[in-house]
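Have a look at the structure below, then the notes.
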Amino acid sequence: MVPTGAKQRPKSKGPADFFASVPRPFVVAHRGDSARYPENTLASIQGAIAAQAPMAEVDLALSRDRKILLLHDETLDRTTDGTGASWEQDWADLSRLDAGGWFGPKFLGEPLPLLSQLLALAQGKIRLNLEIKPDTFEQGGERFLADLMAQLEQAKMLDQVLVSSFSAPCLLALQGRPQVPPLSYLSEGPLDRPSWELLETIDAWGFHTEVGAVSAADAEELKGRGRCYLAYTAADSQQARSLFALGVDGVFANDPHLLKPASTTA
Ligand code: G3P
Ligand code: MG
């Protein structure tokens, strides 16, 4: 959809300019190199760095004592040897969980990582896309956002991090803060009017949507507004190339080596 009568986008801020330097098209390591390592662990981020991925995506969750950690699901059950929700348990207990054994015996003992550990590992090595799950924002609210931003500032990584969310209230709250990292709206559908209006309101860096919702018309519209168009999650190189042909700037993929010749990815 191409709405009319749009305002001119404000001049890009520093971090947005930095992100403009990502070579197009590109592959974002989805939950790190989650094809080879357990997702959302430091091992998967090391894998993404080794793959020279321009960016790694991770999902943020909270513990009961408000530590920010990496976890995709609402519960610990699938990807750790724990059970239940992370926000019902303190970090002292969560830090003892195994987040690697489910993926393979050689990863047994890989811990759940804290955001602070991720930032220390990634600093200067790889851009990060921090995805804030709607539940995480609902649990943590403004205090969670303040903690997140304080950590990014302390790690001097405001220019290395893109924040995305399916939660419009979360993105609007971030936009209201004194320092704003590049923001992207996550959707499961095409660029409809509410999405387009939100992108304008938060002066979004990007629009990330599900691979089945990608269209050339939306790519054109986003390009015209200087916004990045990303699709999740490309299953293989053929699908990635089809998405690039439609005009997406980048794809999320579990395998950051997706576009490389097989002989170089051993
Ligand atoms: O951020 C892109 C993608 O990760 C969104 O879906 O469920 O994999 O977090 P999900
Ligand atoms: Mg995600």
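Every number in this text was worked out from the coordinates using simple rules, so none of it is lab data. The shown structure was predicted, so the numbers you read here are calculated from the model rather than taken from an experiment. Counting neighbours? That spans all protein chains shown, and the Cβs are built from the backbone with ideal geometry, glycine included.
At a glance:
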item: Semi-axis lengths, Å, the stretch 103-171, gyration tensor of Cα atoms, sqrt of 5 times eigenvalues; result: 23, 17, 11
item: Cα shape, the chain, gyration tensor, a/c 1.5 rule; result: oblate
item: Sequence-separation-based contact order of the chain, relative, with Cα cut under 8 Å and 6+ spacing, percent; result: 20
item: Antiparallel %, DSSP beta bridges [both residues in the stretch 58-178], to 5; result: 35
item: Choice from Ser242, Ser195, Ser63 showing the highest fluctuation, given a GNM over the chain with Cα pairs closer than 10 Å; result: Ser242
item: Paired Rg and Dmax values of the stretch 181-266, which use every Cα atom, in angstrom; result: 13.6, 45
item: Added length on full extension, which subtracts the Cα-Cα distance from 0.36 nm per residue, Ala262 to Ser21; result: 84.1 nm
item: Rounded, prolate or oblate (a/c below 1.5 giving rounded, otherwise prolate when a/b exceeds b/c) for the stretch 126-228 by Cα gyration tensor; result: prolate
item: Length gained when the stretch Gln52-Ala146 is fully extended (0.36 nm per residue, less Cα-Cα span); result: 30.8 nm
item: FRET efficiency for Ser242 and Arg193, using Cβ-Cβ distance with R0 set to 22 Å, rounded to 0.05; result: 0.25
item: Listed residues Asp218, Asp77, Asp59, most fluctuating in the chain (Gaussian network, C-alpha, under 10 Å); result: Asp77
item: Nearest 10 degrees, 0 to 90: helix 237-246 Cα axis against the chain principal axis; result: 30
item: Computed FRET value (nearest 0.05) for Ala168 with Arg64, which takes r as the C-beta separation and R₀ as 25 Å; result: 0.45
